[in-house]
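K.L.:
If you scroll down you'll find the structure; I have some questions about it.
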Amino acid sequence: MKKMNFKVTRNLLFIFELISLSLIFLYNWPNFDKNTIYLSLGLIVLVYVSNILLFKLSKGDHYIFLIICMLMSIGVIMIYRIDQNLGLKQLIWLYVGIISFFITYLIFKLYDNWSKHFNLYLISSYILFFATLVYGFRTHGSIRWLSIGGISFQPSELIKIILVFILACIYSDRTYLSSPRISKYKEIITMAIVYSFIAILFVQRNLGASLVFFAIFIGIQYIYTENSKYTLLNLMLFAFGGTMGYFLFDHVKIRFLTWLDPWKYIDTIGYQITQSLFAISEGGFFGTGIGRGQPNFIPLAYNDFIFSAIIEEMGIFTGIAIIMLYLIFVYRGFKIALKQNDVFYRIISIGISLLFGIQTFIIIGGVIKLIPLTGLTLPFISYGGTSILTSFIALGILQGTSEKYNHGGPSDE
């Protein structure tokens, strides 16, 4: 029954991709080019073969990867529609990401001592942060990129995952912080570590990542702290820090001003968000159709604002479907956590689920003006090599946890 249900879902995904790709062909009619053929065949082979391979390799949850395949298919098709060269590059990154997913999954599955490297996680995080401050370069106002051998990447994307491991080590009592003499200071030391990360991100002007870091921390702390006053204290510090940031940092103030009244600054700092809202309203329930919208009017439509571009051409119903896919993904991530016997792996599952859920909420909430806009990518959908790679690494870890110390693995019902 489980195998049959999985095959039906996989076949439905295949049909969805054929329909979407046929729209790309119609958009390019009658001037077909080899790039469109490459994209179509590459995407179908990538998704279909990788799902079959995972089903044979893994005894854990198969649906989280299937959900991600749906999301990445929507993303690469939309990116290709906006810019063909970027669409083909995204397809290559998806190949690299899926290979990284399988490698990460196998390594995480076979190695059992992940909870014994707290110092390594902590030291490597600070090294990556300070390397970014010293050698990083600025883009769109933020210092968050490093370049090694001509390849640029964002260290903060990797540190998000490392933070989950740090918190898992602490709250599963796998560090020196669990000793009787130090345990009473565990929450204070943990807060010092997390807030030092957030302070560095503020210096880098990487506001989106700082929000994700804080939300992951507060979520795990709320579940595992023995004293709820620390959670309340952190929420108060967050409110105080946000207020002070508004008055001390221009980039924080700009984000709030454009959130409160973007129309007042429509020709300057409010241009991005107003164009995003125009695109969403233009799409309506069913969208203008692929190739019939104007997503290029939105700055960074293939990256930060891809959700708005998708709604313009595919409609609000597609936007709702994307949100539902993320919700189901996070639900299955928590379901994996609930079936864990080992606290460390349970926290890893919760942390990675929170990572994806929070990042999705922040970026979608920003582009629809629900919350102040921050510079983040929509996981597995937006264009970006670092984002795709680290997201698939995190997914590989979650896939690995679905097989560790559980009661027969999560149900696929």
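The values are calculated or read from the model by the stated rules, or taken from the named source; none is laboratory data. Just so we're clear, the structure is a prediction, and the values are computed from it rather than from any experiment. In this analysis, Cβ positions are derived from the backbone assuming ideal geometry, glycine residues included, and neighbour counts consider all displayed protein chains.
K.L.:
Just to verify a result, which residue in the stretch 325-364, among those that are in contact with a strand residue (DSSP E or B) (Cβ under 7 Å, 6 or more places away or on another chain) and part of a helix (DSSP H, G or I), is surrounded by the fewest Cβ atoms within 10 Å (Cβ to Cβ)?
P.N.:
346
K.L.:
Filter the stretch 108-124 for residues that are out of contact with any helix residue (DSSP H, G or I) (no Cβ under 8 Å at 6 or more places or on another chain) and under 22 Å from residue 65 (Cα atoms) and give the result.
P.N.:
Residues satisfying the conditions are 110, 111.
K.L.:
If residue 239 passes every condition in (1) under 27 Å from residue 201 (Cβ atoms); (2) surrounded by 16 or more Cβ atoms within 10 Å (Cβ to Cβ); (3) modelled with pLDDT under 90; (4) not acidic (Asp, Glu) but one, which one does it miss?
P.N.:
Exception for residue 239: condition (2).
K.L.:
Output yes when any residue across the stretch 274-296 is surrounded by fewer than 21 Cβ atoms within 10 Å (Cβ to Cβ), at positive phi and not small (Gly, Ala, Ser), and no when none is.
P.N.:
Scanning the stretch 274-296, I find no residue that is surrounded by fewer than 21 Cβ atoms within 10 Å (Cβ to Cβ), at positive phi and not small (Gly, Ala, Ser), so the answer is no.
K.L.:
Further question on the same structure: Quick test of your reading of the structure: residue 148 fulfils all but one of (1) touching a Cys at 6+ places or on another chain (Cβ under 6 Å); (2) loosely packed, with under 12 Cβ neighbours inside 10 Å. Name the failing condition by number.
P.N.:
With respect to (1) touching a Cys at 6+ places or on another chain (Cβ under 6 Å); (2) loosely packed, with under 12 Cβ neighbours inside 10 Å, residue 148 is out only on (1).
K.L.:
Then there's this: Would you mind stating whether residue 281 is assigned to a helix (DSSP H, G or I), closer than 30 Å to residue 202 by Cα, out of contact with any Lys or Arg (no Cβ under 8 Å at 6 or more places or on another chain) and among the small types (Gly, Ala, Ser)? Write out each step before concluding.
P.N.:
Values: assigned to a helix (DSSP H, G or I): yes; closer than 30 Å to residue 202 by Cα: no; out of contact with any Lys or Arg (no Cβ under 8 Å at 6 or more places or on another chain): yes; among the small types (Gly, Ala, Ser): yes.
Spelling it out, it is not the case that residue 281 is assigned to a helix (DSSP H, G or I), closer than 30 Å to residue 202 by Cα, out of contact with any Lys or Arg (no Cβ under 8 Å at 6 or more places or on another chain) and among the small types (Gly, Ala, Ser).
Quick grid of which residues meet (1) under 26 Å from residue 145 (Cβ atoms); (2) at pLDDT below 80; (3) in a loop (DSSP other than H, G, I, E, B); (4) not aliphatic (A, V, I, L, M):
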{"site": "371", "(1), (2), (3), (4)": "yes, no, yes, no"}
{"site": "375", "(1), (2), (3), (4)": "yes, yes, yes, yes"}
{"site": "386", "(1), (2), (3), (4)": "yes, no, no, yes"}
{"site": "395", "(1), (2), (3), (4)": "yes, no, no, no"}
{"site": "399", "(1), (2), (3), (4)": "no, no, no, yes"}
{"site": "408", "(1), (2), (3), (4)": "no, yes, yes, yes"}
{"site": "411", "(1), (2), (3), (4)": "no, yes, yes, yes"}
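K.L.:
Can you list the strands (runs of 3 or more DSSP E) lying wholly within the stretch 40-158 that have 3 or more residues being of a type outside the set (S, T, N, Q)? So that I can check it myself, show each step before the final result.
P.N.:
On the way: elements: 137-139, 142-148, 151-153.
Ranges flagged: 142-148.
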